[in-house]
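Participant: Shown below is the structure under consideration.
The values are calculated or read from the model by the stated rules, or taken from the named source; none is laboratory data. Remember, predicted model here, so these are calculated numbers, not experimental data. Here the Cβ is made from the backbone with ideal geometry for all residues, glycine too, and neighbour counts use every protein chain on show. Heavy atoms of the whole protein, side chains included, go into the accessibility calculation; ligands, DNA and RNA do not. Shrake-Rupley method; radii C 1.70, N 1.55, O 1.52, S 1.80 Å.
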Amino acid sequence: MSPQTPFIQVDKVCKSFGAHHVLRDVSTAFNTGEVTVIIGASGSGKSTLLRAINRLEPHDSGRITIDGIEVTDDLATLQKQRSEVGMVFQQFNLFGHMTVLDNVTLAPRRIRHIPRAQANEQAMTLLRRVGMQDHAHKYPWQLSGGQQQRVAIARALAMAPKVMLFDEPTSALDPEMVQEVLDVMRELARGGMTMIVVTHEMGFAREVGDRVLFFDQGRIAHDAPPKEFFGSPANDRIRAFIGRMGG
């Protein structure tokens, strides 16, 4: 097996909000086809790293590259990178005045200039994939939280991204809706999608992750395969965290 070239590389990345250091010299790499699960206490820097990868939050120092190209404020490069890196947020961020179908086809039509008929066809394929094909002509307010999040995943997939970032995609959902979203994410992982997932769902981390990163106070405190991470926690902080999360 040839060594993989990481699709995303993060090198000594720092980010502060005022006096608060959110990311401290974070270095890691994310390989194609790998599912990385990032866990840790609130405020430990997990979501900030995802936002920095997508340049929603510019980092202060260090370097992030996607497919060998540095993430900067250059608009043409950034637009290309964002079309390759799909992102699903805690809040579903769907456009309330548009149907499900229009939400999913908007970016391919506007950015990729795909004709409406073709965009609609592709969107229906994606909506079938997330179990939402029967709701294509509904508006977001007519859907449950779990349904809206599944539409948000279809919308991110509509740009045919090479990697998907998930920022606590189930934390705003009622408990009974969490499973339907995790099931869609499991299917994506089985299909070979490169995924970076910030979550508190320990069962998902154990079962679907290829590796688990544990963030603590802005640093990666541990990086291990799930079996090792959960089976023999590296230190008391990690053991306590897993215990609190019911892992």
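Participant: Consider PRO169 against the criteria (1) within 12 Å of the chain's Cα centre (by Cα); (2) assigned to a helix (DSSP H, G or I): it satisfies all of them except one. Which criterion is unmet?
Facilitator: (2)
Participant: Here's a follow-up. Go through region 53-62 residue by residue and tally those that are buried (at least 16 other Cβ atoms within 10 Å of the Cβ) and within 19 Å of the chain's Cα centre (by Cα).
Facilitator: Residues that pass the stated criteria total 5.
Participant: Can you name every residue in region 107-128 that is of a type in the set (D, E, K, R), modelled with pLDDT under 95 and in contact with a helix residue (DSSP H, G or I) (Cβ under 9 Å, 6 or more places away or on another chain)?
Facilitator: Of everything in region 107-128, just one residue is of a type in the set (D, E, K, R), modelled with pLDDT under 95 and in contact with a helix residue (DSSP H, G or I) (Cβ under 9 Å, 6 or more places away or on another chain), namely ARG112.
Conditions tested, residue by residue: (1) open to solvent by less than 50 Å² (accessible area, probe 1.4 Å); (2) over 18 Å from the mean Cα position of the chain (by Cα); (3) touching a residue at least 40 places away in the same chain (Cβ under 8 Å); (4) over 19 Å from GLN79 (Cβ atoms).
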| residue | (1), (2), (3), (4) |
| --- | --- |
| ASN120 | yes, yes, no, yes |
| ALA123 | yes, yes, no, yes |
| LYS138 | no, yes, no, yes |
| GLN149 | yes, no, yes, yes |
| ALA154 | yes, no, yes, yes |
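Participant: Using beta carbons and a limit of 6 Å, which pairs, at least six apart or on different chains, have the first residue in region 54-65 and among the β-branched types (Val, Ile, Thr) and the second one part of a strand (DSSP E or B)?
Facilitator: ILE64/VAL10; THR65/GLN9
Participant: What's the number of the condition ARG110 fails, among (1) surrounded by fewer than 21 Cβ atoms within 10 Å (Cβ to Cβ); (2) in contact (Cβ under 8 Å) with a residue 12 or more places away in the chain; (3) over 30 Å from PHE17 (Cα atoms); (4) more than 21 Å from the chain's Cα centre (by Cα)?
Facilitator: In the conditions (1) surrounded by fewer than 21 Cβ atoms within 10 Å (Cβ to Cβ); (2) in contact (Cβ under 8 Å) with a residue 12 or more places away in the chain; (3) over 30 Å from PHE17 (Cα atoms); (4) more than 21 Å from the chain's Cα centre (by Cα), ARG110 misses (2) alone.
Participant: Got a sec? Which of ASP174, ASP223 is at pLDDT 95 or above and surrounded by fewer than 17 Cβ atoms within 10 Å (Cβ to Cβ)?
Facilitator: So the residue among ASP174, ASP223 that is at pLDDT 95 or above and surrounded by fewer than 17 Cβ atoms within 10 Å (Cβ to Cβ) is ASP223.
Participant: Still on this model: If I go through region 29-52 residue by residue, how many of them are more than 21 Å from LEU78 (Cβ to Cβ), open to solvent by less than 40 Å² (accessible area, probe 1.4 Å) and touching a helix residue (DSSP H, G or I) at 6+ places or on another chain (Cβ under 9 Å)?
Facilitator: Number of matching residues: 5.
Participant: Please state which of the following conditions LEU49 fails to meet, knowing it meets all the rest: (1) part of a loop (DSSP other than H, G, I, E, B); (2) among the hydrophobic types (A, V, I, L, M, F, W, C); (3) under 26 Å from VAL212 (Cβ atoms).
Facilitator: (1)
Participant: Working only within region 188-247, note down all residues that are of a type in the set (Lys, Arg) and in contact with a helix residue (DSSP H, G or I) (Cβ under 6 Å, 6 or more places away or on another chain).
Facilitator: If the condition is that a residue be of a type in the set (Lys, Arg) and in contact with a helix residue (DSSP H, G or I) (Cβ under 6 Å, 6 or more places away or on another chain), then ARG206 is the only one that fits.
Participant: Kindly list the number of the only condition in (1) open to solvent by less than 20 Å² (accessible area, probe 1.4 Å); (2) among the polar types (S, T, N, Q); (3) assigned to a helix (DSSP H, G or I) that fails for THR65.
Facilitator: (3)
Participant: Which of the residues belonging to region 72-107 are closer than 15 Å to VAL163 by Cα, crowded, with 19+ Cβ neighbours inside 10 Å and of a type outside the set (Gly, Ala, Ser)?
Facilitator: Answer for region 72-107, where residues must be closer than 15 Å to VAL163 by Cα, crowded, with 19+ Cβ neighbours inside 10 Å and of a type outside the set (Gly, Ala, Ser): GLN81, ARG82, VAL85, MET87, VAL88, PHE89.
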